[in-house]
1. What is the packing order of peptides 153-161, 119-127, taking the mean over residues of other C-beta atoms within 10 Å and listing the highest first?
2. Could you give each residue of segment 63-71 its phi-based ³J(HN,Hα) in whole Hz, using Karplus coefficients 6.51, -1.76, 1.60 with θ = phi - 60°, and x for Gly or Pro?
3. Compute the Rg/Rh shape ratio of segment 24-168: radius of gyration over Kirkwood radius, all on alpha-carbon atoms.
4. Whole Å is fine, so just give me how far the alpha carbon centre of segment 148-166 lies from that of segment 65-132.
5. Amide H neighbours of Glu40 under 5 Å, at least 5 residues apart or on other chains, H built in the peptide plane: list them.
6. Could you order the peptides 63-71, 95-103 from most to least packed, using the average number of other C-beta atoms within 10 Å per residue?
7. Which cross-chain or sequence-distant (5 or more) residues have an amide H under 5 Å from the amide H of Val100, H modelled 1.01 Å from N in plane?
8. Decide, for segment 95-162, between rounded, prolate and oblate: order the square roots of the alpha carbon gyration tensor eigenvalues as a ≥ b ≥ c, take rounded if a/c falls under 1.5, and otherwise choose prolate if a/b is larger than b/c, else oblate.
Amino acid sequence: MHTPEATSIHHGHAGHELATTDNKTMCRVIVEGREFTWHETVILETKLKELVGYGHDQILVFEREDDIELFVEDDGEVALSVTEIVRLRFKPRPIVAISVNYKKVEILHGRRSGLQIKEAAIAQGVKIKLDFELSLDEHGIERVIGDHDKVRVHGGEEFMCVDHHEDS
């Protein structure tokens, strides 16, 4: 998705500004009680966090009448509507349980690097080292996760972390 060049500015109720390119589509989104007008039918989660000043320790949640929490994924898109107002709120990012070498590890929900997963496992007593190779079991297929590779952690993921170095 491309970011439009600014040609006009529209203010939300709290004076927040959104840059837009045309007046054809006008979608409304309310985040934490602050209303914004957006002229595309999609807005990125990162843009919403930037607009309202929230950091990575928070997660966006759709406000729904059925009280079922539906998270907006890190770097995800929020679909907007010209006929309905989309309502969102922030909440502290939840801690979820994964397993590393069959041991339970608690970690923050969302996109995590291989290094962050290994650091969390070590801090919680899993007997691995940072230079071990991390892999994720995805429906019976093993995928190697590098230290800088990011994976979406929802809870329940099963990782293996082993030493593949040869001793001389």
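Just so it is clear, none of the values below were taken in a lab; they were calculated from the coordinates. These figures come from a predicted structure and were not determined experimentally. Using ideal geometry, Cβ is built from the backbone for each residue, glycine included, and neighbour counts are taken over all protein chains shown.
1. Packing proxy ranking, top to bottom: 153-161, 119-127.
2. Taking θ as phi minus 60°, the curve returns 7, 10, 6, 8, 6, 7, 7, 10, 7 Hz for segment 63-71.
3. Numbers: Rg = 18.8 Å, Rh = 17.2 Å.
So for segment 24-168, dividing Rg by the Kirkwood Rh gives 1.09.
4. Taking the Cα centre of each part, segment 148-166 and segment 65-132 sit 14 Å apart.
5. Cys27
6. Listed from highest to lowest mean packing, they are 95-103, 63-71.
7. Close amide H contacts, sequence-distant or interchain: Val105, Phe159.
8. Values: a/c = 1.20, a/b = 1.03, b/c = 1.16.
Because its axes are fairly even, with a/c under 1.5, segment 95-162 counts as rounded.
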